[in-house]
1. Nearest 10 degrees is fine. How inclined is helix 58-74 to the longest principal axis of the chain, computing both from alpha carbons?
2. With viscosity set to 1.306 mPa s at 10 °C, what whole-number translational diffusion coefficient in µm²/s follows for the chain from Stokes-Einstein and a Kirkwood radius over Cα pairs?
3. Given DSSP loops and a limit of at most 12 other Cβ atoms within 10 Å, what is the longest stretch of the chain that contains no such GluC sites (Glu not before Pro)?
4. Springs between alpha-carbon atoms under 10 Å, Gaussian network over the chain: tell me which of T49, T17, T25 tops the mean-square fluctuations.
5. Report the gain in length on full extension from T49 to V83: 0.36 nm times residue separation, minus Cα-Cα distance, nm rounded to one decimal.
6. Is there a quick way to get the dipole size of the chain? I mean about its Cα centre, with the Cβ of Lys and Arg at +1 and of Asp and Glu at -1; what is the value in debye to the nearest 20?
7. Go ahead and estimate [θ] at 222 nm for the chain from helices alone: -39,500 (n - 2.57) per DSSP H run with n ≥ 4, summed, over the residue count, rounded to 500.
8. Of Q45, Q96, Q34, which has the largest mean-square fluctuation in a 10 Å C-alpha GNM of the chain?
Amino acid sequence: MTDCLFCRMVAGEVPATVVHETDRTLAFRDINPQAPTHVLVVPKQHHPTVAALAEADPDLLAAVVRAAAAVAVQEGLATEDGVEPGYRVVTNTGPQAGQSVPHVHLHVLGGRDLTWPPG
Ligand code: AMP
Ligand code: ZN
């Protein structure tokens with residue numbers, strides 16, 4: 001989709017600070033970080049929501065989750081075989097949850113104590 005911000009970032013038309021990439025996924029730093037580590041993980045293919053992605057391509061959803069886990073390890077938020085110090089994966093869906101970009105993305109947040117419940 002040419003008018004989709006994250007499709008344009010995948011295409012290299014909008015700059016991104018890329019921290020992880022696979023053949024099907026891209027991870028880049030959020031431009032307005034909410035924690036010391038705040039990375040967005042997206043499928044390169046456009047899907048509007050996590051539910052739509054799960055319906056259309058469960059393997060791709062799994063690839064996006066694996067990429068988020070790899071980012072967490074890379075950022076020092078977890079180890080290959082452990083969950084210390086820990087991190088949060090968030091996907092906002094729809095306007096009341098604050099989804100502002102209609103291309104599914106996982107927020108990977110960490111590097112500080114994260115409050116629960118989120119606001
Ligand atoms: P959401 O509000 O859950 O849809 O998340 C969209 C995220 O994209 C927000 O956290 C924004 O800060 C982030 N964002 C918007 N534009 C850019 C950009 N050009 N580069 C990186 N992150 C962006
Ligand atoms: Zn898109």
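Where a number appears in this text, it was derived from the coordinates with a stated rule and is not lab data. Keep in mind that this is a model prediction, so the values were computed, not measured. Every residue, glycine among them, receives a Cβ derived from its backbone with ideal geometry; neighbour counts consider all protein chains shown.
1. For helix 58-74, the angle is close to 40 degrees.
2. 109 µm²/s
3. 14-79
4. Top of the fluctuation ranking is T17.
5. That pair, T49 and V83, stretches by 9.6 nm at full extension.
6. Result for the chain is approximately 260 debye, rounded to the nearest 20.
7. -7500 deg cm²/dmol
8. So, out of Q45, Q96, Q34, the one fluctuating most is Q96.
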